[in-house]
Amino acid sequence: MFPANLLLLMVLLLPQASSGRQALPSLLDPSLAQTIQTLLLSRLGLQSQPDPRPGVPVPQYLLDLYRFHQQQYHLVEDPLFNFPSQHIQQANTVRSFHHSGKTTGKRVHISFNISSIPQDERVLSAELRLLRSGRASLGPGPHRLNLYLSENHEEPEPTLLDTRLLPTDVHSHKPSGFWEAFSLSAELLHKAHAGTGSLGFLLEVKPENSTTSLPDKKGHLRVCRSVGQDDNSWAQERPLLVTYSHDGRGEPLVKHGRRTPGNGQRMRGRKATKTRPRNSRGVSWSERGRVKRNGGRAAKLKRLSRNRCRRHPLYVDFNDVGWHKWIIAPSGYDAFFCLGECRFPLADHMNSSSHAMVQTLVNSVNGAVPRACCVPTSLSPIALLYLDPQDRVVLKNYQDMVVEGCGCR
């Protein structure tokens, strides 16, 4: 069964699931309803429904990545944002990890717990993102930033991963500064994931042609939380590890998503641009026009045509199924569904298989043979930005979530 079909079952049969609202009369036995929900979450790569703590901050980089992917370019907050095409040409999942850190002398040690990456997910690449202060000055002359691989802060000879020259003075359009991004190999991530599940780095900044490291007292790298700084602002400035991976299912994220909420709309608490009438199951349906019963041939043909297999509107609102607490964006999407009759003769535009044509022909002379069924013939993915069970932000491309075409099969 396609994930889209499972989601439709969730919407139609489980509107009260985890929503906190007054439960509607259930169409399913509670145990069967729970089984459907568990199966759907499993298809989404989750063992259980996430239950995030209130106010989990979302890294701006992940928000900008989602918005850029959805072609909502005017909502991208960082003017220097670059879509990481080189990392996600083959990846369908992006995960973010915040650091834990310790300063020892003139070096800073930061580590990331990546043990939550699923075993069946293949990490293709990663980035370490460090914010440089927009106000700090390194002093006269060129300076160099060195990045070492280090399991702990006391390692005597850490492995140098990358080094780069830094401009003498930082001038940024934003007081918070701008980001330095270091590319990391898949092999490095695989080794750490298979070992302790922790990935550690040592950072040092020193004048060019000097062996003396600078203490991080001037705050040129945002690796320590300021006194009195709130959780949300610190989450937007602290070191961030971003992994790009693929779970072996579906298309990569580099292909832009479709059927997501339109441009100019906020990620949460968004009001729809069009008012959709809602039925009692929390699903929005477009109002069907009514054929006047004039008894004429034209009206009959029109009615038969309307009953033919075709695609119908179906808007899935994650708030109605109780998933708004952990799905950050979108707040809902146009899923569509297939409905209608497959009567003889089947028109070319009905995208019918040869078997369906033969079955429909036999049905026209032998009613004991059922008609062909109206089913999705083309499905497309959507991208979801959500919180996993560890409250980490994930961007993932999910396959077969939107019906693009219907046919008789």
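The numbers here are math on the coordinates, done by the rules we state, and not lab data. Note that the structure is predicted; figures quoted are calculated from it, not measured. With ideal geometry, Cβ positions are generated from the backbone for all residues, glycine too; neighbour counts draw on all protein chains shown.
List the trypsin sites (Lys or Arg not before Pro) within region 55-127 that fall in a DSSP loop (any state other than H, G, I, E or B) and whose Cβ has at most 16 other Cβ atoms within 10 Å.
Here the sparse-neighbourhood loop sites are K106.
Can you sort S100, S125, S31 so the residue with the fewest Cβ neighbours within 10 Å comes first?
S31, S100, S125
Using a 10 Å cut-off around each Cβ, can you sort S115, S354, S245 from fewest to most neighbouring Cβ atoms?
If I rank by nearby Cβ atoms, fewest first, I get S354, S115, S245.
Ranked by Cβ crowding within 10 angstrom, fewest neighbours first, how are E151, E208 ordered?
In order of increasing Cβ crowding within 10 Å: E208, E151.
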